[in-house]
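Undergrad: Let me begin by handing over the structure; questions about it come next.
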Amino acid sequence: MALGYGDFVFCDIESNSLEPAQDLCSKANWSSSESKPSENKHPKRPFTGSSRFTPHPGDAGSVQHESQSPPTSGLREPPHKLPRNALGPESKSEARMRRWFIWLARTVAMFAVIVAIAAWLLIAWPMRVTHPALKLASGTLAIQHARIYTSPTAAPILDGTVVIVDGRISAVGPSPEIPAGAIMLNCDHCVVTAGFWNAHVHFTEPKWSMANWQSAQKLDAQLADMLTSRGFTTVVDTGSNPIDTIALRRRIESGELRGPFIYTAGPALYPPHGIPFYIRDSAPSWLQFLMPQPGTPKAASDDVERDIRRGSDITKLFTGSWVAHGTVLPMPLDLAKAAVDRTHLNGRLVFSHPSNLAGTQVAIQSGADVLAHAPDSTAGIDRTLFSTMVHQNMAMIPTLKMFATTVTKDPGYLDPIYAEVHQFHSLGGQLIFGTDVGYMHDYTTGDEFDALGHCGLTPMDILAMLTTAPASRFGVSQMKGTVTPGKLADLTILDGDPAEDLAAFSRVRMTIRSGKVIYQR
């Protein structure tokens with residue numbers, strides 16, 4: 001017989017009453033999508049799970065019958081017959097938490113990938129080539145009717161010609177043979193010297209940031225304004241962000257930019273807690289955190305080794321740091337010596353920022369090669385100290401205009417510095433030209449030449465500072481420093497003769513580097 005129960009009907013068919021049972025089943029077994037017959041209006045009752053099923057009173061033919069669990073094949077299980085949803089309130093919460101953790105993990109992973117790509121593009125990619133191969137220009141140039149200073153110690157050629165073939169000087173003299181097809185650069189009685197060096201510059205101004213990605217047109221204009229229009233074919237960066245400086249060097253050497261050859265120190269090393277006040281006042285705190293301030297000799301040595309691996313050519317030490325107005329903090333001697341020793345083991349030079357007597361003494365005792373400035377606190381600086389420097393073959397870069405521009409023009413401050421330069425030079429000390437442009441934003445060079453004249457230097461002394469002295473100090477005299485056949489065609493062409501007027505050093509008409517015109521007025 002058939003039992004009607006909500007959306008479900010269970011049929012129990014007696015063998016001796018097949019026809020009535022079939023009729024009952026056919027009437028009771030409707031689809032859940034169909035409307036219930038109007039006569040069956042009994043409320044639904046919960047299923048107890050008992051094997052004894054009791055039909056609702058009033059159901060046709062209702063009886064109690066002992067049987068096995070009702071068959072379910074072909075019949076839909078009622079919603080109330082299911083156990084509670086397997087994802088109950090607690091399980092749903094766990095699922096939401098799991099989904100949230102999956103989303104978070106994916107987000108963090110995606111962010112990490114983006115950061116890694118950005119870091120690679122901003123750091124690794126710009127520094128991918130630290131020392132690019134020297135690229136010489138092709139073709140032939142001839143500079144005619146020039147007064148040629150082949151070196152600071154040789155008499156000038158009054159009306160001569162310089163021939164350049166494939167980036168090197170081919171011939172120099174009053175009337176050398178000029179190859180057919182040469183491009184003629186009529187000098188109109190200009191003055192030709194070896195290319196100038198500036199051994200103290202910085203690429204730290206914001207305009208050099210992201211140098212790898214800036215347009216060539218913009219960078220060419222900046223290089224001309226700061227360097228090539230001043231006649232510089234080689235410069236020494238004494239402290240900057242290597243990501244920018246090495247990218248700039250690579251783009252210049254590839255021929256993409258018109259610029260000088262760049263030596264770089266990378267980041268300078270400071271005494272512990274010894275960042276100068278003028279940097280603390282201007283640089284963001286996160287950048288100051290990255291500035292090396294080694295606390296042990298090993299740390300100093302490791303910092304030098306790291307910088308060399310990243311492309312540095314020299315090491316810059318603040319052996320005396322102006323940590324406050326009137327206060328110089330010297331670098332501990334053991335730290336300075338460790339840095340110097342590591343640099344020299346790698347065949348490189350050490351530049352020292354001395355500031356005062358104590359900083360100069362650390363530079364001397366540690367074995368530094370070059371004072372990047374004349375000491376501007378001159379108390380205790382005497383002839384004996386300079387004699388020791390000369391005996392150790394140390395050099396000095398005066399940077400006189402920088403003191404007048406960024407500190408004071410007071411003669412009471414400047415005259416003792418001028419006296420230092422004069423005394424060091426008179427003892428046979430090697431002077432090298434440098435201006436500290438980049439830290440100093442006035443790029444003109446006339447005031448520096450004028451100040452050097454006030455120190456008692458002759459025009460040929462200054463020409464040596466610009467050419468042979470730095471080439472000798474950096475060990476490249478066989479390639480640069482004089483106008484000599486076989487050397488690189490690094491030339492500076494002036495409008496006047498500096499032997500007659502020191503200001504002529506600053507009147508640059510043309511700058512040629514490795515046979516390529518990189519600046520022309």
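The values are calculated or read from the model by the stated rules, or taken from the named source; none is laboratory data. All of these numbers come straight from a predicted model, not from anything done at the bench. Here the Cβ is made from the backbone with ideal geometry for all residues, glycine too, and neighbour counts use every protein chain on show.
Undergrad: Name the single residue that is surrounded by the fewest Cβ atoms within 10 Å (Cβ to Cβ) among those in the range 334-354 being hydrophobic (A, V, I, L, M, F, W, C) and closer than 9 Å to PRO297 by Cα.
TA: ALA338
Undergrad: Going through the range 307-325 one residue at a time, which ones are farther than 20 Å from LEU371 by Cα and more than 21 Å from the chain's Cα centre (by Cα)?
TA: Hits for the range 307-325 are ALA324, HIS325.
Undergrad: Right, here's the next one. Filter the range 186-244 down to the residues that are over 18 Å from the mean Cα position of the chain (by Cα) and at positive phi, then identify the one that is modelled with the highest pLDDT.
TA: Of everything passing the filter in the range 186-244, GLY231 is modelled with the highest pLDDT.
Undergrad: Being within 21 Å of MET479 (Cβ to Cβ), without any contact (Cβ under 8 Å) to a residue 40 or more places away in the chain and over 41 Å from the mean Cα position of the chain (by Cα): is that true of GLY173 here?
TA: Criteria met by GLY173.
Undergrad: Confirm whether ALA180 is out of contact with any Asp or Glu (no Cβ under 6 Å at 6 or more places or on another chain), part of a loop (DSSP other than H, G, I, E, B) and among the small types (Gly, Ala, Ser).
TA: Numbers: out of contact with any Asp or Glu (no Cβ under 6 Å at 6 or more places or on another chain): yes; part of a loop (DSSP other than H, G, I, E, B): yes; among the small types (Gly, Ala, Ser): yes.
Against the criterion (out of contact with any Asp or Glu (no Cβ under 6 Å at 6 or more places or on another chain), part of a loop (DSSP other than H, G, I, E, B) and among the small types (Gly, Ala, Ser)), ALA180 qualifies.
Undergrad: From the set of residues in the range 263-306 that are modelled with pLDDT of 95 or more, β-branched (Val, Ile, Thr) and more than 15 Å from the chain's Cα centre (by Cα), which is farthest from ALA199 (Cα to Cα)?
TA: THR296
Undergrad: A follow-up question, please. Give the residues of the range 378-400 that are among the small types (Gly, Ala, Ser), under 23 Å from ASP450 (Cβ atoms) and out of contact with any Lys or Arg (no Cβ under 9 Å at 6 or more places or on another chain), sorted by residue number.
TA: Selection gives nothing.
Undergrad: Go through (1) under 20 Å from ALA489 (Cα atoms); (2) assigned to a strand (DSSP E or B) and name the single condition HIS189 misses.
TA: Looking at each condition in turn, HIS189 falls short on (2).
Undergrad: How many of the residues in the range 191-212 are surrounded by fewer than 24 Cβ atoms within 10 Å (Cβ to Cβ) and under 14 Å from THR150 (Cα atoms)?
TA: 1
Undergrad: For SER312, all conditions in the list (1) surrounded by fewer than 21 Cβ atoms within 10 Å (Cβ to Cβ); (2) more than 16 Å from PRO354 (Cα to Cα) hold save one; what is the number of the exception?
TA: Evaluating SER312 over (1) surrounded by fewer than 21 Cβ atoms within 10 Å (Cβ to Cβ); (2) more than 16 Å from PRO354 (Cα to Cα) leaves (1) as the failure.
Undergrad: While we're looking at this one, here's another question. Just wondering, is there one or more residues in the range 169-176 that are modelled with pLDDT under 90, aliphatic (A, V, I, L, M) and either in contact with a helix residue (DSSP H, G or I) (Cβ under 7 Å, 6 or more places away or on another chain) or under 20 Å from SER514 (Cα atoms) (or both)?
TA: no
Condition check ((1) outside any helix (DSSP H, G or I); (2) loosely packed, with under 14 Cβ neighbours inside 10 Å; (3) out of contact with any helix residue (DSSP H, G or I) (no Cβ under 7 Å at 6 or more places or on another chain); (4) at pLDDT below 95) across all residues:
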| position | (1), (2), (3), (4) |
| --- | --- |
| ALA374 | yes, no, no, no |
| THR378 | yes, no, no, no |
| LEU385 | no, no, no, no |
| THR388 | no, no, no, no |
| PRO398 | yes, no, no, no |
| MET402 | no, no, yes, no |
| THR405 | no, no, yes, no |
| PHE424 | no, no, no, no |
| GLY434 | yes, no, yes, no |
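Undergrad: Here is a follow-up. Residue by residue through the range 457-478, note down the ones that are under 29 Å from the mean Cα position of the chain (by Cα) and assigned to a loop (DSSP other than H, G, I, E, B).
TA: Selection gives PHE474, GLY475, VAL476.
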